[in-house]
Ligand code: TLP
């Protein structure tokens, strides 16, 4: 049986070029700073986002945690969105390991109201924690890959500047945002002091994320990465794939977005499934199954039995994600299967 994995773009396998590159990539011990492939990837990431330095980290989760630790002190408070990955999906690492208190604001489609952010910043008071950081997620995973409006980023930046606070971007899929906005990634990055982006999602590298920011921040981040056990040795094997992610794979994202549109429109024609097309910005589809009279868990099981892997999202939604390992032909096939369920 053909199995189609629409659970996430994290399931993408390396491209042929990546497999080839892994075999010839120059290697060294990256803890000594001696791996030419890692050094090249870090320089490329920094240059692409127009920041001073970058750091190769094993996962997005570690990249976000390091960013929180490097920007704050234990006991600080960080402002983030209620459905953000850092708040919901990182096993409370920010609280447990960075020792910060999250102040979560409920956004609309992941977008925080700048006024509420400003009101959440603590004034000096012996009783209060100190606000240490504002975090934003773009694209927003739980909102179904929605792009954060540029004006919102500008407003948040102005507030951060006024209160002298750093801003971190969980940009796991920030290249998807840039493709959807048809803008240079630098324009998004310009609003942030640090950005984490993932190589191992739509960009198809097997492992790895980048943390990007100014030199002093990355120096602190490098030490924190070591402390957390993320100092890797001949990591150029992985970094060589990440270089190709940045150089070759961003064009794939617009194909992923087109396929997500086709899949969404097709689902809207099948009774009991509905996708809000106004919210379809990139490659993540939140499919409502409210009219289906079946729990999302059960539907996911039924789909799996027919060869389509999806994730349940709450009881009324399933999440489907398009990526390079799902072709247009696969999408049409998936629609046929969904019709038969
Ligand atoms: N997201 C994963 C799951 O954890 C939900 C996925 O399949 O989408 N930030 C954002 C916005 C993410 O979506 C993810 C992964 C991460 C951070 C963490 O990246 P990794 O998995 O590399 O730790």
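All of the numbers you see were taken from the coordinates with simple rules; none came from a lab. None of the values given here were measured: they were computed from a predicted structure. FYI the Cβ positions are ideal-geometry reconstructions off the backbone, even for glycines, and counts take in every protein chain you see.
Here are the numbers for the structure shown:
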{"item": "Isotropic mean projected area of the C-alpha convex hull, the range 89-225 (nm²)", "result": "9.2 nm²"}
{"item": "Distance cut-off 24 Å, percentage of C-alpha pairs in the range 222-341 lying past it", "result": "40 percent"}
{"item": "Antiparallel %, DSSP beta bridges [both residues in the range 1-135], to 5", "result": "10 percent"}
{"item": "Rounded to 5, the percent of DSSP beta bridges in the chain classed as antiparallel", "result": "55 percent"}
{"item": "Residue-averaged 222 nm ellipticity for the chain, from DSSP H runs of 4+ at -39500 (n - 2.57), nearest 500", "result": "-12500 deg cm²/dmol"}
{"item": "GNM result for the chain, Cα springs below 10 Å: residue of 108, 285, 134 fluctuating most strongly", "result": "108"}
{"item": "Gyration tensor (alpha-carbon) shape descriptor, the range 1-67, a/c threshold 1.5", "result": "oblate"}
{"item": "Length added when fully stretched, residue 311-residue 291, from 0.36 nm per residue minus Cα-Cα", "result": "5.4 nm"}
{"item": "Relative contact order, percent, the range 210-299 [alpha-carbon distance under 8 Å, six or more residues apart]", "result": "18 percent"}
{"item": "Value of relative contact order over the chain, rounded to a whole percent, pairs C-alpha under 8 Å and six or more apart", "result": "25 percent"}
{"item": "Sequence ranges 289-296, 173-180, 155-162, 244-251, ranked by mean other-Cβ count within 10 angstrom, highest first", "result": "173-180, 244-251, 155-162, 289-296"}
{"item": "Highest-first arrangement of 314-322, 84-92, where packing means the average Cβ count within 10 Å", "result": "314-322, 84-92"}
{"item": "Cα gyration tensor category, rounded, prolate or oblate, for the range 14-248 with a/c compared to 1.5", "result": "prolate"}
